[in-house]
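Below is one structure, written out as structure tokens; comments come after it.
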Amino acid sequence: MALAVGASYLSPVVLKPRPASATAVACSGGNHALEAALVRRAAELADKSAGFTSPHPNVGCLVASGGGGGGDVVGEGYLYAQGTKPAEVQAVEAAGERCRGGTAFLNLEPGDCHGDHTAVSALVQAGITRVDVFGEDLQSKIIEEAQKACRIVNAPLVYRAASQVPFSVLKYAMTLDGKIAASSGHAAWISSKKSRSRVFELRGRSDAIVVGGNTARRDNPRLTARHGGGHLPMRIVMTQTLDLPEEANLWDISEVSTIVVTQRGARKSFQRYLASKGVEVVEFDILNPRDVMEYFYDRGYLSILWECGGTLAASAISSGVIHKVYAFVAPKIIGGKNAPSPVGELGMVEMTQALDLIDVCYEQVGPDMLVSGFLQPIPDLTPVIPSVDETSAIDPTVTLYDSSVIFFYKTWDPYGAFSNFSPHLIQMLDENGNYATWSTVEHYYQAHKFVGVDNSLARACVEDIKSAKSPEEAARMGRSLQRQHPRSGEI
């Protein structure tokens, strides 16, 4: 199966399933191994943009000399974010003249990122003679493994499309005897420093991090991605009673925002207090993980990391919103009859009811063992085409052979129209009456929060935002600086 991006990343992005190529060919085992390695490399390149392209696909491209793909890798690229050069353009620019007669390897079909077929044109004009998407032209076990890597790199997108909720990962650290804290509640630290660094990486790949009220009260977490990568996920606190402290690290929104979701009517005075701190509060008639995730799906969230305690984790699993698990197991024993475990009551009474992980991976991280796997299989989006009789019997109005097409939108641009994030240069008058060129409307908008302030820091902010590599990065920089300096005169 290949996943095809058939529309612009700026108009609705269309992810269309496609059956395996009818022209699949058999090649020697050595060639399969080489091609599989190059396909996996395209997936690795695509994975570099995880957390930055949300909610669009991660795309990677590499160019190998020689039409058979058996030569050296001469160029690589990946889509950094909306508004940046397509991966295909980056790869052919890096390869230069060495592209001619070469093969391009991609994890997704070339997309139309700029409304003018830029990606496809780049490959054609560079003299690429063959394009291998998803390893679809070859059939063997080793190719299937490479294809699996391509599916996994965009698994959040596929899960989100199929389940209508954000792709959700449950992460926890536990001792060898299955405890996430001592009986006293003390939990710093179960896992090693290396494991905690991996957690920062997981946060940086996510749109938001979810914790419950118990975690917020007990641990007073910051939930930042302290890895220097630039992407900071939103922080979400789920609490029915809103029994939270007035002073907490999560109420500091100078770097990243916090959203509190709670039961309707809970502690109205405290809701007003949080609002005065700049914290968004969202009320639900009945607070449960399914409704909360459907709400954030509607807001355009792609990937959510759950770092909650056992009670909320069990509720999320029971609601069917958890797709993957990352469990860091430390070689420690803490004991304690009342010490908490990572997952609370699920209502299971027999071992045959236990949930089995799929595609389980084991990785040693420092002294710890990281066990990861999917709770739900990666959805197969291959269309099932019924016969003429079956189609007419089900719905006479359906056109035969119409496969379902799943649309993804940027939340700020729900109809695919021109938006602040569209990758089109604009020219605007500067303070001196001269026209200055800006990469996108968003670059211009964020920078002009600080224009006109007679301060060196303000001027530096303007230049930093103007040189941001993508509109998303410009937006993050502008919002962060504005939170730090809510009144421009304070800069």
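The values are calculated or read from the model by the stated rules, or taken from the named source; none is laboratory data. Note that the structure is a prediction, hence the values are computed from the model and not measured. Here the Cβ is made from the backbone with ideal geometry for all residues, glycine too, and neighbour counts use every protein chain on show. The area values use the complete protein model at the heavy-atom level, side chains included, leaving out ligands, DNA and RNA. Shrake-Rupley method; radii C 1.70, N 1.55, O 1.52, S 1.80 Å.
Only one of the listed residues (GLY69, GLY77) is open to solvent by less than 10 Å² (accessible area, probe 1.4 Å) and modelled with pLDDT under 90. That residue is GLY69. Would you confirm whether or not the stretch 205-219 contains a residue that is hydrophobic (A, V, I, L, M, F, W, C), part of a loop (DSSP other than H, G, I, E, B) and open to solvent by less than 50 Å² (accessible area, probe 1.4 Å)? No, there is no match, as no residue in the stretch 205-219 is hydrophobic (A, V, I, L, M, F, W, C), part of a loop (DSSP other than H, G, I, E, B) and open to solvent by less than 50 Å² (accessible area, probe 1.4 Å). Within the stretch 112-122, can one find any residue that is touching a helix residue (DSSP H, G or I) at 6+ places or on another chain (Cβ under 7 Å), among the aliphatic types (A, V, I, L, M) and at pLDDT 90 or above? No, every residue in the stretch 112-122 fails to be touching a helix residue (DSSP H, G or I) at 6+ places or on another chain (Cβ under 7 Å), among the aliphatic types (A, V, I, L, M) and at pLDDT 90 or above. Here LEU250, LEU242, LEU232 are screened, and the one residue that is under 28 Å from PRO367 (Cα atoms) and either surrounded by fewer than 21 Cβ atoms within 10 Å (Cβ to Cβ) or not β-branched (Val, Ile, Thr) (or both) is LEU232.
Which ones in the stretch 452-474 are part of a loop (DSSP other than H, G, I, E, B) and free of Cβ contacts under 8 Å to residues at least 12 places away in the same chain? Passing the criteria: ASP454, SER467. For the stretch 29-50, give me the residue count where each residue is open to solvent by 40 Å² or more (accessible area, probe 1.4 Å) and under 24 Å from PHE167 (Cα atoms). Residues meeting the conditions: 5.
Only residues that are within 15 Å of GLY320 (Cβ to Cβ) and either open to solvent by 90 Å² or more (accessible area, probe 1.4 Å) or not hydrophobic (A, V, I, L, M, F, W, C) (or both) were counted across the stretch 335-352, and they come to 1. Among the residues of the stretch 295-322, what is the count of those that are crowded, with 24+ Cβ neighbours inside 10 Å and part of a helix (DSSP H, G or I)? Residues in the stretch 295-322 being crowded, with 24+ Cβ neighbours inside 10 Å and part of a helix (DSSP H, G or I): 2 in total. Set side by side, the residues SER206, SER163, SER195, SER168 differ, and just one is polar (S, T, N, Q), touching a residue at least 60 places away in the same chain (Cβ under 8 Å) and farther than 26 Å from GLN240 by Cβ, which is SER195.
Here ALA162, ALA149, ALA173, ALA187 are screened, and the one residue that is part of a strand (DSSP E or B) and open to solvent by 20 Å² or more (accessible area, probe 1.4 Å) is ALA173. Screening VAL292, VAL325, VAL282 for residues that are more than 17 Å from the chain's Cα centre (by Cα) and assigned to a strand (DSSP E or B) leaves exactly one candidate, VAL282.
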